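Colleague: To start, I am sharing the structure in question, which I have written as C-alpha cells.
Derivation of every value follows stated rules applied to the coordinates shown; laboratory data play no part. Note that this is a predicted model, so its numbers are computed, not measured. With ideal geometry, Cβ positions are generated from the backbone for all residues, glycine too; neighbour counts draw on all protein chains shown.
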C-alpha cells in the first residue's frame, strides 16, 4: 500500500487514513482539499490537474521524511493527490498524519500542504464559466509578477481572471 501517490482515480479519505492504522496510533489528523466553486471572485466550472507522477511521488515522500525528522513522534504520513478533470466538490488531495498523540499531527498536516504547494510538480488549470488559466500550486501571480517572476503566495489572481482570457503561468 503506497503512502505517497499521484492518481487519476477518485481519492477516498477513509482509504488513505486506513493506510496509517497501527496498534501504536492514537490519532490521525487529516487535511482534505476539495474543488470549490469560485476562485478570485470568478465562478469555476471545474479544475484540471497535471503532474509529473514519478517526481511528484518522490517529492511527496520527501515531505513525509521531513515531517518525521521535524516531529519524531509522528509514526506515518500519507499524501494522495488526484490528477485529471475534477468537478466542484471532488477531493483533490488527502494528507493524513498519524501519531500516538494528537498535538504534533495538526502542525505536521499544515506543514505538509504548504510544502506540497512549494515543491511538488503538480499544475492546476482553473476552468471558469468564462475562460481558463493554468496555475502552479505555489502561487497566484498578478500580471506584473508573471512578467518579473517575483511570485509570492499572497499575490492576487491575474487581472485576466475576471475577463475570462487564458493565461499560462508556471
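Colleague: Going by the conditions given, is residue 29 surrounded by 17 or more Cβ atoms within 10 Å (Cβ to Cβ) and touching a helix residue (DSSP H, G or I) at 6+ places or on another chain (Cβ under 7 Å)?
Modeller: Yes; evaluated as a whole, the condition is true for this residue.
Residues checked against (1) buried (at least 19 other Cβ atoms within 10 Å of the Cβ); (2) under 12 Å from the mean Cα position of the chain (by Cα):
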residue: 79; (1), (2): yes, yes
residue: 86; (1), (2): yes, no
residue: 89; (1), (2): no, no
residue: 93; (1), (2): yes, yes
residue: 98; (1), (2): yes, no
residue: 118; (1), (2): no, yes
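Colleague: Would you be able to say whether some residue in region 69-87 is more than 29 Å from residue 131 (Cβ to Cβ), in a helix (DSSP H, G or I) and in contact (Cβ under 8 Å) with a residue 12 or more places away in the chain?
Modeller: Within region 69-87, one or more residues are more than 29 Å from residue 131 (Cβ to Cβ), in a helix (DSSP H, G or I) and in contact (Cβ under 8 Å) with a residue 12 or more places away in the chain.
Colleague: Let me ask another. Among the residues of region 58-77, what is the count of those that are closer than 22 Å to residue 48 by Cα and surrounded by fewer than 18 Cβ atoms within 10 Å (Cβ to Cβ)?
Modeller: 1
Colleague: What number of residues within region 15-44 are part of a strand (DSSP E or B) and touching a residue at least 12 places away in the same chain (Cβ under 8 Å)?
Modeller: Adding up the residues that qualify gives 12.
Colleague: Of all residues in region 88-103, how many are touching a helix residue (DSSP H, G or I) at 6+ places or on another chain (Cβ under 9 Å) and either over 23 Å from residue 53 (Cα atoms) or part of a helix (DSSP H, G or I) (or both)?
Modeller: Summing the residues that are touching a helix residue (DSSP H, G or I) at 6+ places or on another chain (Cβ under 9 Å) and either over 23 Å from residue 53 (Cα atoms) or part of a helix (DSSP H, G or I) (or both) in region 88-103 gives 2.
Colleague: Of 40, 18, which residue is more than 25 Å from residue 72 (Cα to Cα) and surrounded by fewer than 16 Cβ atoms within 10 Å (Cβ to Cβ)?
Modeller: So the residue among 40, 18 that is more than 25 Å from residue 72 (Cα to Cα) and surrounded by fewer than 16 Cβ atoms within 10 Å (Cβ to Cβ) is 40.
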